[in-house]
Amino acid sequence: MQKYLLYGAYSPEGYKGLLAEGGTKRAEAVRIAAESMGGNLEAFYFSFGENDFYVIINLPDNVNATAFSLAGNVNASFTMKTVTLLTPEELDAAMKIKVNYRMPGRSE
């Protein structure tokens, strides 16, 4: 399972829906959506500031994460961004991979 951070901001229409349903119903909707794709909801937080919510979900792969993001972003209630999260072990594994890449402006 891959871990994803989703964060975003509600539109005025989204705030109206949030006020009508409450926060726990929003978290439940995200849980159901993630589970319908073979994943699960790890955390759901509302916040002050530029973003109104932060969510961590586990999904099988990037294709499912893209579908999840598309489903959320096609409505007028909120805008959302998705970030793939890596474990420290995944970063360690990535650092061991040798990449044959030439930097711009260098001949070597």
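Points to keep in mind about this one:
- Those strands (runs of 3 or more DSSP E) lying entirely in the stretch 1-80 with at least 1 residues open to solvent by less than 30 Å² (accessible area, probe 1.4 Å) and free of Cβ contacts under 8 Å to residues at least 60 places away in the same chain: 40-46, 53-59
- Hey, Val63 over 15 Å from Ala29 (Cα atoms) and more than 13 Å from the chain's Cα centre (by Cα) or not: no
- Of the residues screened, Lys98 is one that is of a type in the set (Lys, Arg), part of a loop (DSSP other than H, G, I, E, B) and open to solvent by 60 Å² or more (accessible area, probe 1.4 Å).
- Boolean, Leu19 is closer than 21 Å to Leu85 by Cβ and modelled with pLDDT of 95 or more: no
The values are calculated or read from the model by the stated rules, or taken from the named source; none is laboratory data. Since this is a predicted model, take the numbers as computed values, not measurements. Positions of Cβ are backbone-derived with ideal geometry, glycine not excepted, and every protein chain shown enters the neighbour counts. To get the accessible areas, we keep the full protein, side chains included, count just its heavy atoms, and leave off ligands, DNA and RNA. Shrake-Rupley method; radii C 1.70, N 1.55, O 1.52, S 1.80 Å.
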